[in-house]
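Worksheet for the structure shown next.
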Amino acid sequence: MKDKEKLTTQFLVNIETKLNTLFETLSERKYNKKNILNDVKSTGNMFNKLKLSYFSLLKDITQAIQSSTQSFELEKNTLQDTIFVLRSKLEESTINVQSTEESTRLSSHHEISDLKFTINLLRENLEKSKIEQKSLVQDETLKSNHEIKQLKSTAASLRDELEKKKLEKDNAVQDAILKSNHEIKQLKSTTASLRDELEKKKLEKDNAVQD
């Protein structure tokens, strides 16, 4: 059909060209009668061919329209059947969805109830644990404070005892130093006396030897 459309277009172009040429020639008066008749005859033949081509094209178009109409009817019926099937499936899916939603809602409600119960139980256990922990912390704090107080008292006692021992040690050292100084003084005095006595004896001996 496209070839016939192309051929028809070509005929129209040729006829238009012939008519323009004929018109220009007649306007210039350069054509004789015989040539004009020949051109007119040729143009008539082209019109006849164009007419045949037009009717053939019209027939093809009519058949194509009829074929398209039949195809459209067939496609229409097919689409209607498809729509019916899809509508049925949609209704079935809607029912299934509603049933699933109801089942899910009931299941969710039951699950939510269980979760609420579990949460409350956990909350109670948590509060109980907090109270027990607080009591335990208080007991440990009191015990620690008592132990700290005892340790402070023991440390103070040990510090006092240490200071006392240190004082006693210092006093003992002082006494030992004083005693040692006294003994040293006595030893020095004794040594001086012995030295004087020795000198005296030596002098007496020397005098005796001289006599």
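Take the conditions more than 60 Å from the chain's Cα centre (by Cα) and not small (Gly, Ala, Ser) and apply them to Lys200. Does it pass? When the stated conditions are applied, Lys200 passes them.
Note on the stretch 64-90: residues that are at pLDDT 75 or above and small (Gly, Ala, Ser) total 1.
The values are calculated or read from the model by the stated rules, or taken from the named source; none is laboratory data. Because the structure is a prediction, the values reported are computed rather than measured.
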